[in-house]
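Worksheet: the structure to be examined is printed underneath.
What follows is calculated from the coordinates using simple rules that are stated; it is not laboratory data. These numbers were taken from a predicted model, which means no experiment stands behind them. As a convention, Cβ positions derive from the backbone with ideal geometry for all residues, glycine included, and neighbour counts pool all protein chains shown.
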Amino acid sequence: MKNIIVIAVVLLAAVGLWMAAMTVNVETSAPPTTTSVQDMPGLKVGDKAPDFKLKNIDGKMVSLADYQNVKGFVVIFTCNTCPYAVAYEDRIADLHERFSKQGYPVVAIQPNDPEVQPGDALDKMAIRAKEKGFNFPYLLDEGQKVYPMYGASRTPEVYLLDNQRIVRYTGAIDDNYQDAEAVKINYVANAIAALEAGKNPEPDATKAIGCTIKVKKKG
């Protein structure tokens, strides 16, 4: 009987040690750390935006350096397929119509991967631009190299730059994507008005409301 008790105690002790070892392994085995383009911090107000050279819907390459005698740029990451971007198409065209005359042209960039979102391929972009009468560049971020440098994560998302490519405002176009008639604050228009008056935009950053940028899944 005494031998049985001793054996039982030894077995219990062994089980206890095994469980403790397993607990240590679980608690100290951290998951691998990964960094994706979405984790990159991106541009903030006051940063200098990088230039780019991207293909337009007409097949020509376009960069910000091509523009002469401008006061700045309204760089907008947008696309064909996102309902939020579609809701803003006419307003984006209106921004270009109004503010390119003041020296702030719209430069639109489509950041989605066309293999993930076929409706955002360059030929589809050209068709949509013709349907909507876009009179501004509509560029494809081929290889998805530009939007990570800017830190864009949504469509649409705006980066208002001055003529030195310094970010002066970033975020949403206005405060109501659902109804253009119900807009109370035109963030981009107000930001440009502030720059024209020699002031800093207020606010100079808002949260972009839209669809996430589409990338290939890894692994």
Review point. If packing is taken as the mean number of other Cβ atoms within 10 Å per residue, what is the order of 83-94, 127-138, 148-159, highest first?
Key: 148-159, 83-94, 127-138
Check your understanding: Cα centroid distance between the range 98-131 and the range 148-173, in Å?
Key -> 15 Å
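Using the Cα gyration tensor of the range 73-219, with a ≥ b ≥ c the square roots of its eigenvalues, what is the shape: rounded (a/c below 1.5), prolate (a/b larger than b/c) or oblate (neither)? Let's see the in-between values first.
Numbers: a/c = 1.66, a/b = 1.49, b/c = 1.12.
It is prolate, given that a/c is not under 1.5 and a/b is the larger ratio.
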**Study point:** Cβ charges +1 (Lys, Arg) and -1 (Asp, Glu), total dipole of the range 45-139, debye
**Key:** 300 debye
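Given Lys55/Lys199; Lys101/Lys216; Lys44/Lys216, which pairs have Cα atoms separated by over 31 Å?
Working: Lys55/Lys199 34 Å; Lys101/Lys216 39 Å; Lys44/Lys216 26 Å.
Distance filter (> 31 Å) returns Lys55/Lys199; Lys101/Lys216.
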